[in-house]
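The values are calculated or read from the model by the stated rules, or taken from the named source; none is laboratory data. This structure is a prediction, so every number in the text was calculated from the model and none was measured. When we count neighbours, we look across all protein chains shown, and the Cβ atoms used for this are built from the backbone with ideal geometry, even at glycine.
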Ligand SMILES: C[S@@+](CC[C@H](N)C(=O)[O-])C[C@H]1O[C@@H](n2cnc3c(N)ncnc32)[C@H](O)[C@@H]1O
């Protein structure tokens with residue numbers, strides 16, 4: 001296996017609080033067309049669970065034990081949902097199912113592939129699990145060049161608790177970026193928990209993504225700048241790709 005780096009082991013219990021992107025409807029648009037999907041890098045089930053609640057069968061792949069733990073906690077008292085969700089411990093380049101799927105999602109996951117070897121191994125493995133014509137939908141940040149010292153980010157209030165996140169970003173030599181995160185939880189003004197975590201993402205260009213997709217047997221159908229299906233505009237830091245497996249492998 002290549003360079004999997006987990007940046008979610010310590011703060012997985014805080015993930016859903018801070019990372020609540022409004023992209024469920026976007027992914028549901030694709031999931032409802034086919035009724036079953038592969039969700040790779042499924043995390044806490046933030047995307048998979050609402051899809052399963054709407055009748056989609058979701059096959060999830062997630063390498064982080066802490067993220068899987070959060071996912072399983074949500075399923076614990078929901079037997080109906082459990083029937084529609086399969087969760088396996090693996091990364092994108094090594095998961096195995098004995099069948100092929102009509103569609104696969106990488107939501108917030110492609111950025112974590114740290115070099116071309118890992119990207120290609122992952123895309124090839126996903127292609128192996130897709131039917132010919134099957135879709136791969138994924139988002140990627142092209143604007144990952146920002147450096148900043150660790151400084152206050154978001155504050156979230158929930159019940160009796162107030163959560164603060166501090167974020168620092170540093171570009172590393174090998175086209176990766178390290179994000180340093182500090183989470184602080186306060187109750188009645190008193191600090192009750194502090195967690196620090198380092199998260200690594202890879203920096204990649206549009207051209208390189210196209211090249212790797214081609215090598216793995218994918219063609220790009222459409223590209224968007226946001227989760228409202230706005231066609232991709234150059235300079236948009238967020239790139240969302242709808243690709244199709246074009247050949248049998
Ligand atoms: C930003 S989170 C996204 C989680 C979820 N898809 C969502 O949208 O909320 C990225 C997830 O990708 C997982 N991940 C990181 N590297 C991975 C890899 N090589 N293969 C599969 N998943 C990976 C992380 O453990 C984490 O759960």
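Note on segment 179-206: residues that are under 20 Å from residue 126 (Cα atoms) and outside any loop (DSSP other than H, G, I, E, B) amount to 3. Segment 1-95 holds helices (runs of 4 or more DSSP H) entirely within its bounds, and those carrying 3 or more residues that are farther than 30 Å from residue 185 by Cβ map to 24-34, 79-84.
The residue of segment 91-117 that is nearest to the ligand (Cβ to nearest atom), among those that are more than 13 Å from the chain's Cα centre (by Cα) and under 16 Å from residue 217 (Cα atoms), is 93. Scanning segment 207-249 for residues that are exposed (fewer than 15 other Cβ atoms within 10 Å of the Cβ), touching a residue at least 60 places away in the same chain (Cβ under 8 Å) and assigned to a helix (DSSP H, G or I) yields a total of 2. Between 35, 41, the distinction of being within 19 Å of residue 102 (Cα to Cα), assigned by TED's automatic domain parsing to the domain that holds residue 131 and loosely packed, with under 15 Cβ neighbours inside 10 Å belongs to 35 only. Within the option set 139, 128, being out of contact with any strand residue (DSSP E or B) (no Cβ under 7 Å at 6 or more places or on another chain) and within 16 Å of the ligand (Cβ to nearest atom) holds for one residue only, 128. Whether any residue in segment 85-93 is closer than 22 Å to residue 163 by Cβ, crowded, with 20+ Cβ neighbours inside 10 Å and touching a residue at least 12 places away in the same chain (Cβ under 8 Å) is what I want to check. Looking for residues that are closer than 22 Å to residue 163 by Cβ, crowded, with 20+ Cβ neighbours inside 10 Å and touching a residue at least 12 places away in the same chain (Cβ under 8 Å), one finds none in segment 85-93, hence no.
In segment 15-28, which residue that is at pLDDT 95 or above and in contact with a strand residue (DSSP E or B) (Cβ under 9 Å, 6 or more places away or on another chain) is surrounded by the fewest Cβ atoms within 10 Å (Cβ to Cβ)? Within segment 15-28, the match that is surrounded by the fewest Cβ atoms within 10 Å (Cβ to Cβ) is 23.
Against the list (1) closer than 21 Å to residue 7 by Cβ; (2) free of Cβ contacts under 8 Å to residues at least 12 places away in the same chain, the condition residue 62 fails is (2). Hey, residue 136 hits all of (1) in contact (Cβ under 8 Å) with a residue 24 or more places away in the chain; (2) not in a strand (DSSP E or B) but one; which does it fall short on? Condition not satisfied by residue 136: (2).
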